[in-house]
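S.K.: Mind looking over this structure? Questions follow.
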Amino acid sequence: MPSKKDTELVTKLRAASARLTDAGAPELAATVDDLLAPGGWGRLRHATESDTAAPNVPIHMPLVVRTAIQQAAKSAGRNVPTDVAEGLEEFIAGRFRPAAGANRVRRGTGLESGNLNVRVDADLKARFAAAVEEHGGALGYKPALSHVAKAWLIEKYSIAPAEKLAEA
């Protein structure tokens with residue numbers, strides 16, 4: 001059931017649409033009507049978030065590792081996105097270099113995997129990409145942002161290998 005405030009908002013938007021039509025601005029009225037149509041709020045939210053929110057970076061890993069990272073961050077009073085940003089800054093500065101294939105889980109372990117979704121500032125993502133291009137030759141590989149983020153979190157919180165976590 002919509003709240004009184006929500007109902008008033010819808011009523012005012014309908015009145016605004018009618019007034020815009022009467023004032024000779026049917027294209028603006030149509031925009032308000034689109035907002036009032038089913039899914040309109042979601043499209044508006046998506047549009048405003050995409051302008052302001054940091055883009056999502058899915059970090060694929062075994063669920064036992066994801067849980068261990070989340071619990072370690074919570075226990076330390078830390079924030080995973082802040083920790084990821086710290087790791088990316090360390091990579092950009094040349095102070096952190098994960099080995100190729102670091103923290104890769106062997107195939108056939110049967111461990112269920114998923115994503116740890118983290119928002120990373122677009123400027124930081126761009127600086128990371130530039131650092132990969134600049135240092136990729138010296139590393140012998142071009143690491144993905146998610147690879148560096150996962151390696152940083154595992155190292156920062158001293159997370160055991162996924163196979164050992166699954167045994168516990």
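S.K.: Can you spot the lysines whose alpha carbon is less than 28 Å from Lys12's alpha carbon? Ignore those fewer than 8 places along the same chain.
M.R.: Output for Lys12: Lys4.
S.K.: Which ³J(HN,Hα) values in Hz, rounded to whole numbers, follow from the phi angles of the stretch 17-24 under the Karplus curve 6.51 cos²θ - 1.76 cosθ + 1.60, where θ = phi - 60° and Gly and Pro get x?
M.R.: 4, 5, 5, 5, 5, 5, 7, x
S.K.: Related question: Is there a pair in Lys74/Lys150; Lys74/Lys142; Lys125/Lys164 whose C-alpha atoms are over 21 Å apart, and which pairs would that be? Write down the numbers at each step before the final one.
M.R.: Details: Lys74/Lys150 17 Å; Lys74/Lys142 31 Å; Lys125/Lys164 32 Å.
Exceeds cut-off: Lys74/Lys142; Lys125/Lys164.
S.K.: Amide H neighbours of Ser113 under 5 Å, at least 5 residues apart or on other chains, H built in the peptide plane: list them.
M.R.: Amide H to amide H, under 5 Å and 5 or more residues apart or across chains, Ser113 pairs with Leu63.
S.K.: A follow-up question, please. So if we plug the beta-carbon distance of Gln70 and Ala18 into 1/(1 + (r/R0)^6) with R0 = 45 Å, what FRET efficiency do we get, rounded to 0.05?
M.R.: After rounding, the FRET efficiency stands at 0.35.
Values in this text are rule-based calculations from the coordinates and carry no lab data. Source: prediction; values computed, not measured. Here Cβ is always computed from backbone atoms with ideal geometry, including for glycine, and neighbour counts include all displayed protein chains.
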